[in-house]
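Colleague: I'd like to ask you about the structure that follows.
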Amino acid sequence: MRVVIAEDSVLLREGLTRLLTDRGHDVVAGVGDAEALIKTIGDLDAQSALPDVVVADVRMPPTHTDEGVRAAVRLRKAHPDLGVLVLSQYVEERYATELLAGSSRGVGYLLKDRVAEVREFVDAVVRVAQGGTALDPEVVAQLLGRSRKQDVLAGLTPREREVLGLMAEGRTNSAIAKQLVVSDGAVEKHVSNIFLKLGLAQSDGDHRRVLAVLTYLNS
């Protein structure tokens, strides 16, 4: 896959570049601020050479507040097929919700600590590049915990809530089954019950299912 990295820390930017290139991916550009990110994507688009995914820090110069996430939201509106994965030092629910607003296809929000778990991080980048979802478990916990649909969520069993959390992280049924040490069939049954209780129609594609749940929780 082709990747653009936006991170003001040169050390981290170079580290992410090495991590991805060592696994056969092509980092086509690395920038240190949001304006440079927007310009780089514009230049690549003019060459009909958009990357598959952008990995961007939430906070970047000049104010180190929300430049990164705002650039990510802007890019998603301009290029719906461009995957965007943002990295944050802490769970900032407002930014996560803003990023997930509208179409949530090809989106990710991970804590920077997750980068240390190399395999999971690279899997998340690939998943977002392919149009899937990658949400940090801490982000999922807050979205679920502060949902305004608690009356409906209360109807889920503890196991169903656990499955829902893993679904929201972007995991497939097989991955959930492996995590919970149960059969694929058991997970499929839980997923069916979750959709029934939340009043959501099942759809093809794991990422669509996840996004339907997240859209419901944040409506």
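The values are calculated or read from the model by the stated rules, or taken from the named source; none is laboratory data. Since the structure is predicted, the reported quantities are computational estimates derived from the model, not experimental observations. A quick note on method: Cβ atoms are made from the backbone with ideal geometry, for glycine too, and the neighbour counts reach across all protein chains shown. Side chains included, ligands, DNA and RNA excluded: accessible areas come from the protein's heavy atoms. Shrake-Rupley method; radii C 1.70, N 1.55, O 1.52, S 1.80 Å.
Colleague: Could you give the accessible area per residue of the stretch 1-128, probe 1.4 Å, as a whole number in Å²?
Modeller: 47
Colleague: What's the carbon and sulfur percent of the stretch 7-74's accessible surface, probe 1.4 angstrom, rounded to a whole number?
Modeller: Roughly 50 percent, rounded to a whole number.
Colleague: Something else about it: Distance from the Cα centre of the stretch 28-95 to that of the stretch 114-132, in angstrom?
Modeller: 16
Colleague: Using the Cα centre as the reference, give the magnitude of the dipole from point charges on the C-beta atoms of the stretch 13-56 (Lys, Arg: +1; Asp, Glu: -1; all else neutral), rounded to the nearest 20 debye.
Modeller: The calculation lands at about 140 debye.
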